[in-house]
Structure formats: structure tokens, C-alpha cells
Amino acid sequence: MFVGRRYIQQGGYKGWAIRFADKVKANGVATTAYSYAMSEDERFEMTRRITAALNLTSQYTTEQIEQMCAAQQAKKG
């Protein structure tokens with residue numbers, strides 16, 4: 001469903017929104033605006049991190065990402 005999609009950090013309150021790169025502003029994906037336990041700098045950095053992670057894994061299905069996470073956890077075991 002999301003394989004091949006690209007994401008951008010754009011708009012939202014103080015730049016804390018993640019959106020599909022190929023869609024208009026209304027198509028938000030996620031926000032850190034309500035992460036009140038984080039400082040404003042932490043929210044902005046987390047938005048950057050989530051955007052980077054989504055773009056890094058955009059060629060995988062959700063199931064493949066979950067399998068990679070499980071394999072990584074098993075290594076740490």
C-alpha cells in the first residue's frame with residue numbers, strides 16, 4: 001500500500017508534520033505536535049527522524065519491516 005511512497009517534513013504546527021511528498025498539504029501522515037513530554041527541539045528532531053526512517057524503508061512492505069525488526073531483536077536476544 002505504501003511501498004515506493006516518499007515523505008517530507010512539511011507544514012503543520014512548527015514543522016512537526018510528516019506528509020506524503022506527492023500530495024497536497026491536506027494529506028498528512030503523522031505529527032509530533034501532541035508529544036507533550038518532548039521539548040520543541042525534540043519534537044522537531046523526532047519529526048526529522050520519522051521522515052528519514054520512512055524514506056529509508058520506503059521500498060519495503062510493512063510486513064518486511066516488521067520481520068527485519070523481529071530479526072534485529074532476536075540478534076540482541
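What is the fewest-to-most order of Thr31, Thr62, Thr51 by other Cβ atoms lying within 10 Å of their Cβ? Can you show the working numbers first?
On the way: Thr31 17, Thr62 11, Thr51 21.
Listed from fewest to most nearby Cβ atoms, that is Thr62, Thr31, Thr51.
List the trypsin sites (Lys or Arg not before Pro) within the range 17-51 that fall in a DSSP loop (any state other than H, G, I, E or B) and whose Cβ has at most 15 other Cβ atoms within 10 Å. Show your work: numbers first, answer last.
Numbers: sites: Arg19, Lys23, Lys25, Arg43, Arg48, Arg49; in loops: Lys23, Lys25.
In loop regions of the range 17-51 (DSSP not H, G, I, E or B), the sparsely surrounded trypsin sites (Lys or Arg not before Pro) are Lys23, Lys25.
Place a +1 charge on the Cβ of each Lys and Arg in the chain and a -1 charge on the Cβ of each Asp and Glu, then give the dipole magnitude about the Cα centre in debye, rounded to the nearest 20. Please list the in-between numbers first.
Values: 11 positive and 7 negative charges, 33 e Å.
Once rounded to the nearest 20, the dipole reads 160 debye.
Checking the cross-link filter: which lysines have an alpha carbon closer than 25 Å to that of Lys23, excluding same-chain neighbours under 8 positions apart? Within the straight-line cut-off, Lys23 pairs with Lys14. Per-residue ellipticity at 222 nm computed for the chain from its helices equals -14000 deg cm²/dmol, with DSSP H segments shorter than 4 residues left out and the rest contributing -39,500 (n - 2.57). Here Rg/Rh (Cα atoms, Kirkwood Rh) was calculated from the structure, and among (1) 0.92; (2) 1.04; (3) 0.95 it sits at label (2).
All of the numbers you see were taken from the coordinates with simple rules; none came from a lab. Note that this is a predicted model, so its numbers are computed, not measured. Here the Cβ is made from the backbone with ideal geometry for all residues, glycine too, and neighbour counts use every protein chain on show.
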